[in-house]
1. Can you name the number of the only condition in (1) open to solvent by less than 30 Å² (accessible area, probe 1.4 Å); (2) modelled with pLDDT under 90; (3) among the charged types (D, E, K, R) that K265 fails?
2. Looking at T125, is it among the hydroxyl-bearing types (S, T, Y), in contact with a His (Cβ under 8 Å, 6 or more places away or on another chain) and either at pLDDT 90 or above or in a strand (DSSP E or B) (or both)?
3. How many of the residues in the stretch 268-280 are surrounded by 22 or more Cβ atoms within 10 Å (Cβ to Cβ) and under 16 Å from G169 (Cβ atoms)?
4. Kindly provide the set of residues from the stretch 22-41 that are open to solvent by 30 Å² or more (accessible area, probe 1.4 Å) and under 14 Å from S91 (Cα atoms), ordered by number.
5. Hey, any hits in the stretch 287-305 for a residue that's closer than 16 Å to H156 by Cβ, open to solvent by 50 Å² or more (accessible area, probe 1.4 Å) and of a type outside the set (G, A, S)?
6. Which pairs do you get when a residue that is closer than 17 Å to R73 by Cβ, found in the stretch 87-101, comes within reach of a residue that is among the basic types (K, R), reach meaning Cβ atoms under 8 angstrom, with the pair 6+ apart or on two chains?
7. Given the condition assigned to a helix (DSSP H, G or I) and modelled with pLDDT under 95, answer yes or no: does some residue in the stretch 101-108 qualify?
8. Any residue at all in the stretch 64-81 that is open to solvent by 40 Å² or more (accessible area, probe 1.4 Å), in contact with a helix residue (DSSP H, G or I) (Cβ under 6 Å, 6 or more places away or on another chain), more than 21 Å from L126 (Cα to Cα) and touching a residue at least 24 places away in the same chain (Cβ under 8 Å)?
Amino acid sequence: MLFELPNNEFVPDVLAIQKVFFSCSVLTSRDWEEVIKFIREDEDPLIAQNKVLEATVSHPLNQLHPVKEEYQRLFLKKLISQLEACGEEVSNEVYKNYIEKLNTTSELQEHHHRHFRIEGKGFITLQESTRFVTGGTTGLQTWEGGLALAEWCIQHSSEITGKRVLELGCGVGLTGLAVAVTCRPLSYTLTDCHPSVLSALKHNLRLNQPLFTGTEVTSQLLDWEDSERHHLSNPVDIVLAADVVYDERLFPALVNTLRHFLSNKSTRAILACTERNPSTLATFLQHLEENHLGVEELVCPAPAVFRYSTSPPIRLFCCSGRTPELGRQDVKHSGEFRVLFCRMSLF
């Protein structure tokens, strides 16, 4: 959502922890070292603690669309323990906020929010389900593969600007929103097959509508079992998908859907796959080969705009409806499948 932040009031160390806090990411020991250093080096450490609160728990954005309550409690608990460990007096405001969070109802929240700061744009705000599985789907949360795919797209934005993009299995919309806001595609179509996911997605599109400038962003129902009946008014230039390779029973329908969109020989698909089970991924790659789809493995980008874990590893692939013309190449074995690496323009 478009939320103007008084960033000039916060030093870089506080802005860094604010970014991690709003995205509900794991705070590392290095993060805490920087925060405690900022507090201890301030002329008034108690006021510095309150500045950390103002940038996180007490920030207007968190009051309007709060992050997960349990995350806030753990954040404040860790802040207190870090301060006590180095002999610093804990401010009354920090204690007050922690007690308030402890007294919050213990009933599980149905929903919470995550906010991803995009420099020069504001925050992308997502409403997610607090439960791991809701209504028979895990698509109501943002997964690591989606963050890595969004990172790759931002780092290769010139390949996407002005293109027509379609996303498969979009979930609550992080990848699509990030690409639409930063990469300036001509159009971006987010698709999923689960009604509750599409409902949550539409809510998130409304939340972030002010961020869209010059890109037509839409959502559609797309069942992979019936993808051949899915027609767009214009051809797709790029197909994106993250963390859709997990259930071998879905592979025939997913590969058929990719074939449908990649029948346009200039179209490319970029897939981000979290490799939880190497044999599952190898089976999927074999399906692609058997269906005459070209595959190139791309380098998974290091986290920069987003923070995400690469353990288990996240692997990115570029697929096409024809075997790419190979220049300089190496061959990497993945079980029985050979992945060809090419240095070439993807589009």
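1. Result: K265 passes all but (1).
2. Answer is yes for this residue.
3. Counting residues in the stretch 268-280 that are surrounded by 22 or more Cβ atoms within 10 Å (Cβ to Cβ) and under 16 Å from G169 (Cβ atoms) gives 6.
4. Listed by number, the list holds a single entry, R40.
5. Applying the first criterion (closer than 16 Å to H156 by Cβ) to the stretch 287-305 yields 296-305.
Applying the additional criterion that residues be open to solvent by 50 Å² or more (accessible area, probe 1.4 Å) yields 299, 302-304.
Narrowing the set further to residues that are of a type outside the set (G, A, S) leaves 299, 303.
Yes: the stretch 287-305 contains one or more residues that are closer than 16 Å to H156 by Cβ, open to solvent by 50 Å² or more (accessible area, probe 1.4 Å) and of a type outside the set (G, A, S).
6. Y98/R73; Y98/K77; K101/R73
7. Yes: the stretch 101-108 contains one or more residues that are assigned to a helix (DSSP H, G or I) and modelled with pLDDT under 95.
8. No; the residues of the stretch 64-81 include none that is open to solvent by 40 Å² or more (accessible area, probe 1.4 Å), in contact with a helix residue (DSSP H, G or I) (Cβ under 6 Å, 6 or more places away or on another chain), more than 21 Å from L126 (Cα to Cα) and touching a residue at least 24 places away in the same chain (Cβ under 8 Å).
The values are calculated or read from the model by the stated rules, or taken from the named source; none is laboratory data. These numbers were taken from a predicted model, which means no experiment stands behind them. Heads up, the Cβs are rebuilt from the backbone with ideal geometry, glycines too, and the neighbour counts pull from every protein chain shown. With ligands, DNA and RNA removed, areas are computed over all heavy atoms of the protein, side chains included. Shrake-Rupley method; radii C 1.70, N 1.55, O 1.52, S 1.80 Å.
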